[in-house]
1. Inspect all residues belonging to the stretch 196-205 and state whether any of them is more than 17 Å from Ala8 (Cα to Cα) and without any contact (Cβ under 8 Å) to a residue 24 or more places away in the chain.
2. Output the residue which, of all residues in the stretch 259-304 that are among the hydrophobic types (A, V, I, L, M, F, W, C) and more than 16 Å from ligand 1 (Cβ to nearest atom), is nearest to Leu180 (Cα to Cα).
3. Of the residues Asp222, Asp208, only one is more than 16 Å from ligand 2 (Cβ to nearest atom), without any contact (Cβ under 8 Å) to a residue 24 or more places away in the chain, over 21 Å from Ala299 (Cβ atoms) and out of contact with any helix residue (DSSP H, G or I) (no Cβ under 6 Å at 6 or more places or on another chain); which?
4. Within the stretch 103-116, is even one residue charged (D, E, K, R), more than 15 Å from Pro185 (Cα to Cα) and out of contact with any Pro (no Cβ under 9 Å at 6 or more places or on another chain)?
5. Just give me the residues in the stretch 230-256 being within 16 Å of ligand 1 (Cβ to nearest atom) and polar (S, T, N, Q), in sequence order.
6. Filter the stretch 1-51 down to residues that are more than 16 Å from ligand 1 (Cβ to nearest atom), part of a helix (DSSP H, G or I) and open to solvent by 50 Å² or more (accessible area, probe 1.4 Å), then give me how many there are.
7. Restricting attention to the stretch 53-75, which residues are in contact with a Lys or Arg (Cβ under 7 Å, 6 or more places away or on another chain) and hydroxyl-bearing (Ser, Thr, Tyr)?
8. Would you check if Thr54 is away from ligand 1 (no atom under 16 Å from the Cβ), in contact with a helix residue (DSSP H, G or I) (Cβ under 7 Å, 6 or more places away or on another chain) and among the hydroxyl-bearing types (Ser, Thr, Tyr)?
Amino acid sequence: MKQFISVADIGSLDKAIAEAKEIKNNRFAFTELGRNKTLLMLFFNSSLRTRLSTQKAAMNLGMNVMVLDVNQGAWKLETERGVIMDGDKAEHLLEAIPVMGSYADVIGVRSFAGLRDRDEDYQERVLRQFIELSGRPVFSMEAATRHPLQSFADLITIEEYKETKRPKVVMTWAPHPKALPQAVPNSFAEWMNAADYDFVIANPEGYDLAPEFIGGARVEHDQRKALEGADFVYAKNWSAYNAPNYGKVLRTDRDWTIDAEKMALTNNAYFMHCLPVRRNMIVTDEVIESPRSLVIQEAANREISAQTVLKRLLESL
Ligand code: AN0
Ligand code: CP
């Protein structure tokens, strides 16, 4: 595997899940694979889980790790080509990327959507430039439109806890005070559509995701109806995708908050969220603290998804 930016890069999901399981059973079986190999992790945005789990995964493989918070300590980077750089940006990505590539064997990039210009975000310009200019295998640590390490960890978690072969998985929009990207829900939808599950997306009118990410999933605008009989409830907020509201927050009322009354409509479903989560906006204390909440297990599986991906990237060197 030469890059990991979407579900398309992982190939067979069955093989990937089996490999992840093998790694989880023995995380230190491949400590020679990463010897004298350097991972560079670049963060254009904040992170708790991705930073720690990916570094841990790399250390399990024997790699050396460098982490750079681009907005804290590095020169401010220009990303537009052709601009006269007389403002506050001291360096261009066009030089910075090959320079960083010269110090690393594998590069992970976190670069969120700006949520101002939909076409620009959906072109994944920053991530694509890393792929084109770094000369190294690149993986996404959440880019403008996808968060594949999260979705892979979510898939592993569902496989571990599912009680039927083809569970009903409901991804539901939930309220949040600030505008968030569509990367997590887009990516989750892409992975759920690739897996053979009964997958439903529930969101209020005005919050439909891009058609290419909805794919063959059922979209339901009545949250309670969608939740009926669910085996897994995956809550997430996202801002509007459709023009002219792209990147906007259309409502912050708590009608779509996941609470115990809504969970009672399900088939004793497990509750999932990628974290960080705002309690009593997205989900009530009662539901997130219940024995059916998998949020910690999900986060723990980020180490496993990252290690599976890094192992495959190292094998391609
Ligand atoms: C980010 C998002 O929604 O994309 C990261 C989630 C993993 N969340 C926030 O910025 C709160
Ligand atoms: N779920 C996730 O990616 O969390 P962080 O933003 O803390 O990395």
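The values are calculated or read from the model by the stated rules, or taken from the named source; none is laboratory data. Not measured: the values here are computed from a predicted model. No Cβ is skipped: glycine too gets one built from the backbone with ideal geometry, and neighbour counts run over all protein chains shown. Surface areas here come from the heavy atoms of the whole protein model, side chains and all, with no ligands, DNA or RNA. Shrake-Rupley method; radii C 1.70, N 1.55, O 1.52, S 1.80 Å.
1. Yes: one or more hits.
2. Per the stated criteria, the residue is Phe271.
3. After ruling out the rest, the residue left standing is Asp222.
4. Within the stretch 103-116 (the criterion being charged (D, E, K, R), more than 15 Å from Pro185 (Cα to Cα) and out of contact with any Pro (no Cβ under 9 Å at 6 or more places or on another chain)), the answer is yes, since at least one residue qualifies.
5. Within the stretch 230-256, Asn237, Ser239, Thr252 meet the criteria.
6. Count: 8.
7. Ser53
8. In short, no.
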